[in-house]
Amino acid sequence: MKKIIYNKFFICFFALIGIVSCTDLDETTYTELSKSNFYNNKLEIIQATLRPFTHMQAWLAFTGQNGYYYHNELSADQVAWPQKGRHAYDNGDHIRQHYHTWTTEESRLLNTWSLMWTGVGYVNAAIEDIQQVDPEAAGITQEELESFVAESKVLRAYHYMKIMDLWGNVPIVTQVGMPENPETQSREAVFAFVEQELLENVEKLQPLSPQLLGRISRAVGYAMLSELYLNAEVWSGEARWADCITYSDKVINGDGGALAGSMMLDQDPLGPYNNTNENSPENIFQFPFSRQNDFGYSWASFYMGFSNMRDALDVTYSGNNAFVVIPSAFDAYQENDIRKQEWFLFGPQYKYGTTEPILGTEEYRDKPLVYVNNIRRNTEGQTGEGSMTDGEENSGARFHKYRSGTKDDENYLENDYVIYRLTEMYFNKAEALIRQNGGAATSEAVALINESKSRYFSEEDWPSEMYTTSSLTMDELLAERGREFIFEGKRRTDLIRFGKFTTGAWWDKTPDGDDHLTIYPIPYRQVQTNPNLEQNPGY
Amino acid sequence: MKKQKLLDAKSFNQKRFSKLSFVLRSLQLLLLVVLFSAFSTKAVAQTTVEGNVKDSEGLPLPGVTVRVEGTGVGTQTDFDGNYSIDVPGDDSVLVFTFVGMTTVKRTVNGNNTINVTLENDQQALDEVVVVGYGTQSRKSVTTAVAKVSEEDFNQGVVTSPMDLIQGKIAGLSVTRAGGNNPNSSASIQLRGLTSITGNTEPLIVIDGIPGGNLDLIQQNDIESFDVLKDGAASAIYGTRGNNGVILITTKKGKKGISQFEYASYVSRDYVQNKPNFISADQYRDIIDQGIIGESNDYGYTTDIYDELVDDTNLSQYQNFVASGGGENSNYRASLYYQKLDGIALENDREEYGFRINFNQSAFDDKFNFQSSVATNFNNANLQGGGQFGIITDWNPTTPIYAEPGGDLNNQGQFGYYQPTNLYNPFSEYANRFNLRKQYTFSGDAKVTYEIVEGLKIAAFGSYQRNEWNDRYYESTEDWANINGDYRGTGYARKGNHVDYTKTFEPTITFEQEIGKHTFDLLGGYSYQYSTTEEYSMSNSGFNTDSFLDWNMGWGNAIIDTNLPRPGLSSFKEDNTLIAFFSRINYSYLDRYFLTASIRREGSSKFGANNKWGNFPAISGAWVISDETFMDEQNTFSNLKLRVGYGITGNQGIPNYQSLVTLGTGGKYPIFLDNATDPTYYQTLGAAKNPNPDLRWERKKELNFGLDFGFLSNRITGALDVYRRTTEDLLYNYTVPQPPYVRSNIYTNVGTIRNSGVELALSAAVINKGDFKWNVDAAGNYQKNTLVKLSNEQFIVAQIDGGNIGNPGNLGNAIRNTEGGTIGNFYGKRFAGFTRDGQWLFHKADGSVGTSDQMTEEDKTIIGNGMPKYYASLTNTFRYKNFDLTVFFRGKFDFDILNTVDLFYGNQELLPANVLTSALGQYSQIKEAPQYSDYYLENGDFIKLDNLTLGYNFDLPQEGNFKRLRLYASARNLATITGYNDGNRDPEVQDTGLFPGIDYRDFYPRTTTVSVGLNVNF
């Protein structure tokens, strides 16, 4: 009897375990959002549509040291990140950008690849998910749904255009995770894909209006087409100057809408960049950063000096004294050019609104900080041109194009970062006109460039500074384009189109051996991971 | 107690083990149990033997187990050491056993009175080893288990319980890379690295609570550490066994001994070595030599390093214990207070708490209830300790305090000199606080019932909770706020963290002797649920410092958009771990031993396709010295061979890694319903690439061991050789982009192999009269190889890390390559200097070039930071009432990257402060710092880690005081090393993937001197 009792006891004992504790290992998320709980209404659909936009600032704007901006500026002739004493050797990364001696193992290039394709992935995912939404259940119309898809497709085309600019031959993928190892397509094929996607969708977009701040509007689509056709000869092998003029004109004429009334050049030399630039009449596409709305604008770390410069600008941020202007790029401006006075920090630096000097902290520790137009060891008596390894804390003119305003300004740090502005359409059209004309300026082209340039000279200086059909040579057009778009992340593309990127020499940079450097190598790690990726020629 | 072996319901097969089959197997077990109990026979009482048991000092020993060999008959001695037992016949043998004492056997031979004296057992062959869900006698242990008991603990100040056994166990590395900072923790690693991204520290089990919190353990409450080193031993802990298991047993009340104990010490840290930075006088010399300009002399003399040192630091420890026990119950209550005062200002930790346990039996010890409760309250001041790095930038001719309006470049705002681009630590001390209050609790209870002789069921439950509250404040006068984001207002932050774990573990055990066969079987179930909840908030805009962080809503940043947005966050996660386990211990003739176990465990953390895993183990031992053919020899008094193989897992990864979740991407303007102004909403996209196949990392380990004793066990030891292979290592792999959205996937690919040899030796060198000299030595060799990182789908050629840092962003120091050993330094090879002091390095093609000519191809493996050999030596001397412990510890065959010399032995950094060697040994360097093998040095060292002298007073037998001991102890007394000419401590991080880097952590290494006292009454 006793044994039987024990028996029962055990059965109960283990049954208890089985029932009470079971073997349930399902996971519950609390702080993370599961995809199955999303896409329920219009706002949620927009939130998903806009994820690639917020991601884009990481690789396109100069906030990122691993992005498109870094590669497009630091490999060109205007901006460098030289070693300054103990600072900024950084494994020689920036030195190799300047010398064009990069390899397939550049970590910053891998990060850029990854960031840009993550952007493509976000767009692909958004398109896939939105197309599965039942518009009725989500409370939106079929038209609204389609306009979100069109906007996403144009954005995706923009990603491919920029990826094609850096790497040329890349896969074309429009689905998440499919195919597993996509194959490399030729640059021509990528170009054709971008063109087709833009042409199919641009007309479905809404015209630019204040409510489309930071979004893909029809004007933005036209601007993309203008850029695509301007570079068509490089990217596809076939010049498309007339198409470039067509789409530049559509923007210029306001066919795609306008941000503020009608499209026109901003006469304020700081207007497109200042902290109220969401109202600039020439801006077409911009990242609407807003400190007050918790999407801050943080360019400081690369263009701003150390914390001693806080007092010079009366701001609360500081940076790491990274990017400087190459001396020849600063010399490219006439002294009477308002841009030279307004867009740079140069010479002795004072505490804001006073004549009390800002003091250095490195080579000029506790001595007045004076930005000089050379990059060399002046404290050690070095003369000449200097080099990428000879910088000091005060080397080179500095960035002042985007100004945050002082910390008491009500719009302090509200600047948007501009991607397309009307002036670029003027330059695109003018260049297309001149190239159509065999490289000789036409009067229409001269008028366009002069309309931009005249903003930066006094009335008395202007007659001697204005271009004529004879003075606006191709070299001069490239130089003026450089002066106008300095710091805007476009210089490498321009140098390539003008044939100067590999053949040119500037400051510490000598001409390259051949042209393969006009596209970057596919990062080694990616070639390793995807056997169907082909390395670019020459690497 | 020796026979507390455990039973296993089933063999170590790897069949899938569902809940149902477990129940079925339990029924089978039950049947077995019933059969066994039917056969078990009781001895028939014939003669009664009485007697008394004493220890070598003649004191009565209560609680000694007395049993008749070969039967189940047994009893225990009472308060006065007396016993009485019925024996079946004259040839019966009585066996007297007591923990820590030699076992004595006496044949009855017609005696009615047998008095015995038990000697302290030096070799502890009969020590009880805790093996997880049970104990075993040392003799029957078949796996690699090391034990350190209280008498062998490191003495003196203990910041973490692991300090007690630092260097004592071969293969266990305990490193304090942060020096003796009371708020830094020790990193622990057993037998090398087993994971890249998962947990790499051993599982801590405190009195049966898996995942026990070390904060709940204070030094005087610990009875012993038992370290399960090999796979066969730790497989019973399944998915948490990869890094070994450390079982901590706390002290319990003893039957018949009611006593109070009081223990106390005070201690002080002294700076052991100070970095040789340029003093104010030397700085002025440099100015006089024209190397730097005159404007750099501010006319003051400040040694900022000395200023940051708290010369008056004083730590103390107080512990009061009441313990005792009656016939059926015992208890122990321990209260403690500890104040640890770091060598730095504003750098201390105050702890107090208690641990109480209680144990009661009924029904002739068949029913047992035991429970313990422990708490720890601690208040940590985290403000200081991290400021010593300022020495590298501080101009030694500048003052700390300055009057407003003075002629210094900075106007000395609020009384403190404010250097440009730097901070003044004393201004921070005055204007900031950073405090953590932590409260840790555990409570557990275990009910055991012996249903029939040898068959016990038990249910164990525990609740462990860890909670802390952080407070941080920067005042309106803080240097960073004056011109910073907070615009001269105060900034406050508060946060709260709670994590708790609930554990429920019912077990069933059965032990049975059938003739020459002994079986111990164990079966059990384990359920553990853990969760973490956090919230925090921050705000600025406090125009007054009156509220500190006690009125968070006051801060004007709530409405003033010129101030940074207030921060709000909260967080919760949880996970569940469920297991079924069983084990069988079998012995034949008490000479051949076999143990087999299996644990089937599931964790919520893994992918839907791979939640469950099986973790089997088998091990055996052969006591060769008990064989008859060994009777003739006198060399070996003990010789035992062990072989074990076990598979364990690692579930120590973050939660939710296999799920598809959406992550936020920052806010973007949305104009809803034609609004004229935008609202900024979060954007959302894929947070990771999902991996539903995510599974366990699995370690397979084979261990050969040899336990030996010579010369009547005057020399004993253990030799272990192991080879462990950890497969399916988790790592974030680069995926093809396109088509994946995110750049990485967390998946199982790699393999790490560790192999090594461990040797532990103990010797009673001299044991003559009043003088005794014992030596304990432990040493090990280990090799860690990253066997595989890639497969066909996922490829990683190397894992780089160990960032050297800024200025100059010199990149990673260490590269772990597929097929290579772990911890290889990878960089440029120094080739000399140019005439004007520029660096020259070797290029891959054999030429020499300057730093700007170096490319990735020119780098190579230049050293290795992982020590290959570890050794320690404990000498214990006793003469009459004195005892002296001298403990040495060393690590050998590794390189250290000296980043201090790298960055600061360089005069290019002037006028910032530099080492004196910048103008001496390194004066030819005229270029900014570069990383190369120039700064790699041999790291070998031997450290005199502990020197303790104690005196035990002779106390009158009849007096109230039973014990009085005074001692003085010094830790980290001297280091013999060639590293940096002995100027820096060579004990740097030696765990993880990136060992051997001497980072620029200037927290002073200290020698700690303490004086203490123990009283029992």
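General observations
- With Cα atoms, 0 to 90° folded angle of helix A:218-230 axis to chain A main axis: 60 degrees
- Computed over the range B:479-533, Kirkwood Rh from alpha-carbon pairs, angstrom: 17.2 Å
- Gap separating the Cα centres of the range A:437-510 and the range A:350-387, nearest whole Å: 31 Å
- Computed over the Cα atoms of the range B:672-815, pair by distinct pair, the Kirkwood hydrodynamic radius stands at 21.1 angstrom.
- Cross-link reach is defined here as a Cα-Cα straight distance under 17 Å, omitting same-chain residues fewer than 8 places apart; for A:LYS351 the lysines meeting it are A:LYS367, A:LYS407.
- Average projection, convex hull of the Cα set of chain B: 49.2 square nanometres.
- MRE, 222 nm, helices only [DSSP H, n ≥ 4, -39500 (n - 2.57), over the protein assembly as shown, to nearest 500]: -5000 deg cm²/dmol
- Taking every Cα-Cα distance in the range A:73-184 and sorting them into 10 Å bins starting at zero, the pair-distance distribution P(r) comes out as 12, 32, 25, 18, 10, 4, 0 percent.
- Environment charge of B:THR561, counting only residues whose C-beta is closer than 13 Å and scoring Lys/Arg +1, Asp/Glu -1: -3
- Geometric extent, Cα atoms of the range A:176-308 - Rg, Dmax (angstrom): 18.1, 52
- The ratio of the alpha-carbon radius of gyration of the range A:371-454 to the globular-protein estimate 2.2 N^0.38 Å is 1.71.
- Local electrostatic count, B:LEU340, Cβ distance below 11 Å [Lys/Arg +1, Asp/Glu -1]: -3
- For the range B:855-991: lysine pairs under 25 Å (alpha-carbon distance), excluding those fewer than 8 apart on one chain: 6
- Centre-to-centre separation between the Cα atoms of the range B:954-1017 and those of the range B:533-584: 38 Å.
- Kirkwood hydrodynamic radius computed over the range A:314-454 comes to 18.1 Å, based on all pairs of distinct alpha carbons.
- Each Cα pair under 8 Å and six or more residues apart adds its separation to the average, and for chain A the resulting relative contact order is 18 percent.
- Note on A:ASN336 and B:LYS502: the model spin-label points, each 7 Å out from Cα along the C-beta direction, lie 8.4 nm apart.
- Largest first, the three principal axis extents of the alpha carbons in the range B:621-709 are 102, 23, 11 Å in whole numbers.
- Calculated SAXS-style log₁₀ I(q)/I(0) at q = 0.15, 0.18 Å⁻¹ - the range B:890-1017, Debye, Cα scatterers: -0.80, -1.00
- The share of C-alpha pairs in the range B:587-650 whose separation exceeds 16 Å stands at 61 percent.
- Relative to the longest principal axis of the Cα atoms of chain A, helix A:241-252 runs at roughly 80 degrees.
- Taking the range B:206-334 and dividing mean pair separation by its residue count, relative contact order in percent (alpha carbons under 8 Å, at least six apart): 31 percent
- Cross-link check: pairs A:LYS42/B:LYS667; A:LYS84/B:LYS843; A:LYS84/A:LYS509; B:LYS339/B:LYS437; B:LYS54/B:LYS254 evaluated at a Cα-Cα cut-off of 21 Å; pairs beyond the cut-off: A:LYS84/B:LYS843.
- For the range B:743-797 and the range B:846-907, distance of Cα centres in Å: 18 Å
- P(r) tail, the protein assembly as shown: Cα-Cα pairs separated by more than 55 Å, 36% of all pairs.
- Percent of C-alpha pairs per 5 Å bin in the range B:505-570, short distances first: 4, 12, 13, 10, 7, 4, 5, 4, 5, 5, 6, 6, 6, 5, 4, 3, 1, 0.
- Put simply, the range B:432-505 fits an ellipsoid with semi-axes of 53, 8, 6 Å; these come from the alpha carbon gyration tensor as the roots of five times its eigenvalues, largest first.
- Relative to its residue count, the range B:210-348 spans a Cα convex hull of 200 Å³ per residue.
- Ordering B:PRO419, A:ALA48, B:LEU955 by Cα displacement along the dipole of the protein assembly as shown toward the positive end leaves B:LEU955 in first place; charges were set at the Cβ atoms of Lys, Arg (+1) and Asp, Glu (-1).
- Theoretical FRET efficiency, 1/(1+(r/R0)^6), r = Cβ-Cβ of B:GLU627 and B:SER84, R0 35 Å, to 0.05: 0.45
- Using alpha-carbon coordinates, inclination of helix B:19-39 to the longest axis of chain B, degrees: 30 degrees
- The eigenvalues of the Cα gyration tensor, multiplied by 5 and square-rooted, give the range A:237-351 an equivalent ellipsoid with semi-axes of 32, 21, 15 Å from largest to smallest.
- In the distance distribution for the range B:303-436, Cα-Cα pairs more than 26 Å apart total 50 percent.
- Zero-based 20 Å bins, Cα pair distances in chain A, whole percents: 20, 52, 21, 5, 3, 0
- Neighbourhood charge, 10 Å Cβ-Cβ cut-off, centred on A:GLY384 and excluding it, Lys, Arg +1 and Asp, Glu -1: -1
- Counting only other chain Cβ atoms within 10 Å of each residue's Cβ, the peptide A:113-119 averages 4.
Since every read-out is calculated from the coordinates, none of them should be taken as a lab result. Remember, it's a predicted structure, so these values are computed and weren't measured experimentally. So basically every Cβ, Gly included, is an ideal-geometry build from the backbone, and we count neighbours across all protein chains shown.
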